[in-house]
Structures are given as C-alpha cells and as structure tokens.
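Notes for the one structure printed next.
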C-alpha cells in the first residue's frame with residue numbers, strides 16, 4: 001500500500017471556534033470525499049490514521065477528510081460552557097462540509113463520531129452513503145446513560161482500580177492527551193435520537209461493531225431500523241475494534257460497492 005501524506009488545516013466553525021481537520025488521499029477533482037468523525041476522547045489520527053483505515057480508503061481513490069471534534073485533538077478546547085450547546089458537534093460537521101463546499105460525499109464515524117453522523121443525517125445531511133461504527137441503539141436513543149459513565153470517569157480521575165473499565169478509559173484519555181474540562185463539557189451537547197427518526201433515514205448505511213462491543217447497546221438493532229441498513233460484525237470490543245484491519249476493510253468494501 002502506498003504511503004499517503006497527510007495535511008492538517010484549520011477553519012472557524014459557525015460560532016468562531018477554530019477546528020482542525022486532516023486530509024489524506026488524491027487531490028484531483030475525481031477523488032470522492034469521505035468525511036470520517038472520530039470518537040469521544042479520541043482524535044482523527046488515533047481513530048483513522050494510526051491503524052491504517054484512512055490509507056486503505058486513500059488507496060482506493062478517496063479524499064479522506066478527518067476532523068478533530070471541538071474539545072479534542074488539534075481543535076480548540078474552550079472551557080466556557082456556552083461553547084458547548086446541544087448538538088454543537090452536528091453543527092460543526094455541517095460547518096466543515098460548507099467550508100469545503102462538499103455536495104457529493106460519504107459520511108461516517110466511530111462511537112461519538114457515529115452518533116454525530118446520525119445527528120447530521122437527522123438534520124438533513126445528504127451523503128451518498130453513511131457509516132456508523134461502534135454505536136448501538138441505546139447510545140443513540142438514551143445518551144444520558146453513557147454520559148453518566150464518562151462523567152464519573154472525568155470527575156474521579158486517578159481513583160480507579162487498575163484494569164477496571166474506568167481505569168482503561170482514563171488510560172486512553174492520557175494517551176490522547178485529552179482535556180478533562182473540555183471533555184466534560186462535551187457531555188452537555190448530547191441529544192437523543194428517537195427510533196422514528198432513525199427509521200426515517202433512507203439511504204445506504206453500514207453499521208459496524210465489534211463482536212464484544214456492548215458499550216452502546218445493540219448495533220444490529222440500529223441496522224434493522226434503518227431502511228437500507230447493513231450490519232457487519234468485526235472482532236473486538238469497543239476499544240479494540242477500532243484498531244482492527246477488519247474495520248477499514250468493511251468501510252472500504254461498503255463505499256466502493
């Protein structure tokens with residue numbers, strides 16, 4: 001596989017917060033854009049570049065566009081609560097698409113990125129195809145439940161038993177150099193999506209999850225609700241599935257089908 005270089009850029013979102021995105025892949029007009037959104041505590045680099053998923057897409061001619069969510073990675077990390085209104089990540093997604101002038105593109109994400117993708121679809125995003133990874137039905141319809149877990153981690157750092165789920169989550173936070181204060185504010189941006197709203201999303205959609213990933217409920221149920229949903233199970237749990245080559249393979253297979 002060719003070694004594709006990356007370029008990182010910044011732009012101002014709808015409210016003036018500066019966000020970063022990284023690109024990989026061909027620059028010619030024929031290169032199809034695919035926007036991939038990373039998960040909570042993570043970054044574009046960790047989710048999409050580190051384990052080769054973006055490179056697989058670039059090798060198939062895609063222009064891979066990978067934003068860092070506000071409060072994450074190379075994007076601004078404001079500490080003012082006003083910078084984190086409900087659904088702000090969805091609005092940031094639309095701001096990036098408008099900034100880049102994308103009209104014909106694919107859209108996907110992992111975990112919080114998958115939920116953000118779905119919120120964009122609910123609010124009128126029209127990609128050719130969508131990919132929802134590492135996100136089950138409960139994580140979409142009842143965001144408070146998962147948010148409670150992360151709030152406990154972020155407000156009790158350094159207290160968890162080694163090897164526990166909370167300890168592993170905190171360890172991941174340290175590897176991504178996350179900002180606990182900004183990440184805590186991200187929790188107030190979560191908005192629930194109803195089953196009816198999910199069932200109204202009528203475009204080809206791939207739902208991918210690890211066989212041992214139960215963090216956000218059933219991904220199969222999400223695929224079943226989507227009129228054109230397709231479910232693919234890959235090895236791993238919520239933390240490890242994103243590192244597996246099968247994730248990139250599943251995304252590539254769906255987008256080039």
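Quick notes on this structure:
- Residues of region 69-83 satisfying the condition of being surrounded by fewer than 22 Cβ atoms within 10 Å (Cβ to Cβ) and within 16 Å of residue 96 (Cα to Cα): 74, 76
- Residue in region 16-32 that is modelled with pLDDT of 95 or more, surrounded by fewer than 20 Cβ atoms within 10 Å (Cβ to Cβ), farther than 22 Å from residue 185 by Cα and more than 17 Å from the chain's Cα centre (by Cα) present: yes
- Restricting region 164-187 to residues that are free of Cβ contacts under 8 Å to residues at least 40 places away in the same chain and in a loop (DSSP other than H, G, I, E, B), the residue that is farthest from the chain's Cα centre (by Cα): 164
- Every residue from region 73-132 that is assigned to a helix (DSSP H, G or I), in contact with a strand residue (DSSP E or B) (Cβ under 6 Å, 6 or more places away or on another chain) and under 24 Å from residue 175 (Cα atoms): 113, 114, 116
- Residues of region 222-257 classified as in contact (Cβ under 8 Å) with a residue 60 or more places away in the chain and within 22 Å of residue 127 (Cβ to Cβ), total: 11
- Of the residues making up region 228-243, those that are touching a strand residue (DSSP E or B) at 6+ places or on another chain (Cβ under 6 Å) and either under 18 Å from residue 35 (Cβ atoms) or assigned to a helix (DSSP H, G or I) (or both) number 2.
- Residue 223 in contact with a strand residue (DSSP E or B) (Cβ under 8 Å, 6 or more places away or on another chain), modelled with pLDDT of 95 or more, outside any loop (DSSP other than H, G, I, E, B) and surrounded by 17 or more Cβ atoms within 10 Å (Cβ to Cβ): yes
- Exactly one residue out of 191, 208 is closer than 21 Å to residue 125 by Cβ, under 17 Å from the mean Cα position of the chain (by Cα), assigned to a loop (DSSP other than H, G, I, E, B) and modelled with pLDDT of 95 or more: that is 191.
- Scanning region 43-50 for residues that are out of contact with any helix residue (DSSP H, G or I) (no Cβ under 8 Å at 6 or more places or on another chain), farther than 23 Å from residue 206 by Cβ and either at pLDDT 95 or above or outside any strand (DSSP E or B) (or both) turns up nothing.
- Meets criteria (at pLDDT 95 or above, exposed (fewer than 15 other Cβ atoms within 10 Å of the Cβ) and either more than 17 Å from the chain's Cα centre (by Cα) or not in a loop (DSSP other than H, G, I, E, B) (or both)) for residue 246: no
- When residue 93 is tested against (1) farther than 27 Å from residue 224 by Cα; (2) under 13 Å from the mean Cα position of the chain (by Cα), only condition (1) is not met.
- Criterion violated by residue 147 - all others in (1) modelled with pLDDT of 95 or more; (2) more than 13 Å from the chain's Cα centre (by Cα); (3) surrounded by 15 or more Cβ atoms within 10 Å (Cβ to Cβ); (4) farther than 17 Å from residue 247 by Cβ satisfied: (1)
The values are calculated or read from the model by the stated rules, or taken from the named source; none is laboratory data. Please read all numbers here as calculations on a predicted model, not as lab measurements. Methodologically, a virtual Cβ is constructed for each residue, glycine included, from the backbone with ideal geometry; neighbour enumeration extends over all protein chains shown.
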